[in-house]
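Report on the structure given below.
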Amino acid sequence: MKTDSPLPAPGAPLEHYVSSAPFDLQSVEAMTAEQSKVFQASQLRLMWWKFRMHRLALVSGIFLIVLYFGILICEFLAPYNLHTRNMDYIYSPPQQVHLFHNGEFVGPFVYGRQMTLDMDTLKRNYIDDQGDVQRLRFFCKGDSYRFWGLIEGDRHFVCAAENGQLFLAGTDRLGRDVLSRMIYGARISLTIGLVGISFSFLLGIVIGGLAGYHGGIFDLIVQRIIEVLQSIPSIPLWLALAAIMPITWSPILIYFGITVILGVLDWTG
């Protein structure tokens with residue numbers, strides 16, 4: 001094969017050429033504005049982009065935000081007070097909300113209920129009275145409550161008609177509205193996990209940090225405590241600790257007691 005330039009002699013250095021212009025990395029690896037935005041994004045922004053692309057996770061996140069916002073104002077959202085009883089409507093089935101009556105638009109309403117007692121089975125039978133149209137009231141005055149146990153109030157998002165009934169999820173054996181009790185109970189169920197995890201996270205960081213910093217006999221004792229706590233079945237231990245709480249405690253004290261129990265048991269890992 002014949003070439004224009006002769007090969008260098010054996011042992012002679014190879015000729016090469018280097019540009020004398022300043023080296024500019026951006027000109028060599030030129031990126032578009034969109035590429036630069038991606039490569040320079042922080043870890044938090046990358047996580048948000050990935051989360052936003054996951055449709056199910058996005059919908060679930062919005063649903064959780066709505067739930068947690070609802071428990072902040074559960075006294076306002078619940079149609080009745082937590083302890084309000086309707087003794088004439090024990091074990092009443094759920095009522096259905098209607099918009100039209102006899103082909104005419106009326107707005108949100110429920111039909112009144114009539115109760116009959118079966119003397120053979122002593123079973124309560126409830127029948128909707130189609131002639132008793134009870135329009136729902138919104139942002140209305142109803143049962144009084146203390147917002148977060150601090151502020152007196154009586155405004156509710158939705159109420160039954162005057163001298164009417166509104167049991168969208170039925171009533172229990174004491175005539176209490178099940179939907180209202182579910183809304184109140186959601187505050188405990190949704191917050192006790194967050195508070196318990198936060199407490200156990202803080203406790204684990206403090207104890208683990210001290211064990212790692214001091215080491216020696218302190219670290220040995222902490223590790224043995226962790227092994228003992230993890231060897232005990234969780235559910236019987238929870239039941240035992242919950243049973244020792246005095247029955248005279250208020251719901252707030254019971255709430256914080258359960259939170260402390262969860263934190264003490266879960267800090268081990």
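The values are calculated or read from the model by the stated rules, or taken from the named source; none is laboratory data. Bear in mind the structure is a predicted one, so any value in this text is a computation, not a measurement. Cβ coordinates were reconstructed from backbone atoms using ideal geometry, including for glycine residues, and neighbour counts include every protein chain displayed.
Checked against (1) within 22 Å of the chain's Cα centre (by Cα); (2) farther than 28 Å from residue 137 by Cα; (3) not hydroxyl-bearing (Ser, Thr, Tyr), residue 169 meets all criteria but (2).
Give the residue, chosen from 132, 128, 88, 143, that is within 30 Å of residue 252 (Cα to Cα), surrounded by 10 or more Cβ atoms within 10 Å (Cβ to Cβ) and not basic (Lys, Arg). I'd like the intermediate steps shown before the answer.
Numbers: 132 fails: within 30 Å of residue 252 (Cα to Cα); 128 fails: within 30 Å of residue 252 (Cα to Cα); 88 fails: within 30 Å of residue 252 (Cα to Cα).
That would be 143, the only listed residue that is within 30 Å of residue 252 (Cα to Cα), surrounded by 10 or more Cβ atoms within 10 Å (Cβ to Cβ) and not basic (Lys, Arg).
Within segment 223-269, if we keep just the residues that are among the polar types (S, T, N, Q) and surrounded by 10 or more Cβ atoms within 10 Å (Cβ to Cβ), the residue that is nearest to residue 198 (Cα to Cα) turns out to be 259. Total residues in segment 78-107 satisfying the condition of being farther than 13 Å from residue 170 by Cα and touching a Phe, Trp or Tyr at 6+ places or on another chain (Cβ under 8 Å): the figure is 7.
Is it true that residue 153 is touching a residue at least 24 places away in the same chain (Cβ under 8 Å), in a strand (DSSP E or B) and in contact with a Phe, Trp or Tyr (Cβ under 7 Å, 6 or more places away or on another chain)?
Details: touching a residue at least 24 places away in the same chain (Cβ under 8 Å): yes; in a strand (DSSP E or B): yes; in contact with a Phe, Trp or Tyr (Cβ under 7 Å, 6 or more places away or on another chain): yes.
Spelling it out, residue 153 is indeed touching a residue at least 24 places away in the same chain (Cβ under 8 Å), in a strand (DSSP E or B) and in contact with a Phe, Trp or Tyr (Cβ under 7 Å, 6 or more places away or on another chain).
Within segment 59-88, the residues that satisfy the criterion of being in the same structural domain as residue 170 (by TED's automatic domain parsing) and among the polar types (S, T, N, Q) are 81, 84, 86. For segment 189-198, does any single residue satisfy the condition of being closer than 21 Å to residue 83 by Cβ and either assigned by TED's automatic domain parsing to the domain that holds residue 134 or of a type in the set (Gly, Ala, Ser) (or both)? Yes, because at least one residue in segment 189-198 is closer than 21 Å to residue 83 by Cβ and either assigned by TED's automatic domain parsing to the domain that holds residue 134 or of a type in the set (Gly, Ala, Ser) (or both).
Condition check ((1) under 18 Å from residue 177 (Cβ atoms); (2) at pLDDT 90 or above; (3) of a type in the set (A, V, I, L, M, F, W, C)) across all residues:
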{"position": "77", "(1), (2), (3)": "yes, yes, yes"}
{"position": "92", "(1), (2), (3)": "yes, yes, no"}
{"position": "100", "(1), (2), (3)": "no, yes, yes"}
{"position": "115", "(1), (2), (3)": "yes, no, yes"}
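One residue is enough: does segment 176-187 have a residue meeting the conditions surrounded by 16 or more Cβ atoms within 10 Å (Cβ to Cβ), assigned to a strand (DSSP E or B) and β-branched (Val, Ile, Thr)? So far as segment 176-187 goes, no, none of its residues is surrounded by 16 or more Cβ atoms within 10 Å (Cβ to Cβ), assigned to a strand (DSSP E or B) and β-branched (Val, Ile, Thr).
Here residue 211 meets the list (1) farther than 20 Å from residue 72 by Cβ; (2) touching a strand residue (DSSP E or B) at 6+ places or on another chain (Cβ under 8 Å) almost entirely, failing just condition (2).
Which one is nearest to the chain's Cα centre (by Cα) among residues in segment 206-242 that are assigned to a helix (DSSP H, G or I), among the aliphatic types (A, V, I, L, M) and within 12 Å of residue 265 (Cα to Cα)? Walk me through it before giving the result.
To start, the set of residues in segment 206-242 that are assigned to a helix (DSSP H, G or I) comprises 206-214, 216-231, 234-242.
In the following step, the residues that additionally are among the aliphatic types (A, V, I, L, M) were identified as 206-207, 210-211, 217, 220-222, 225-226, 228-229, 235, 237, 239-242.
Adding the requirement that they be within 12 Å of residue 265 (Cα to Cα) leaves 225-226, 228-229, 235, 237, 241.
Details: 225: 32, 226: 29, 228: 31, 229: 28, 235: 23, 237: 25, 241: 25 Å.
Going through the qualifying residues, I end up with 235.
Checking the structure you have, find out if any residue of segment 118-139 is outside any strand (DSSP E or B) and in contact with a Pro (Cβ under 8 Å, 6 or more places away or on another chain). Lay out the reasoning, then the answer.
In the first step, residues of segment 118-139 are kept if they are outside any strand (DSSP E or B); the result is 119-122, 136.
Next, only the ones that are in contact with a Pro (Cβ under 8 Å, 6 or more places away or on another chain) stay: 136.
Yes: segment 118-139 contains one or more residues that are outside any strand (DSSP E or B) and in contact with a Pro (Cβ under 8 Å, 6 or more places away or on another chain).
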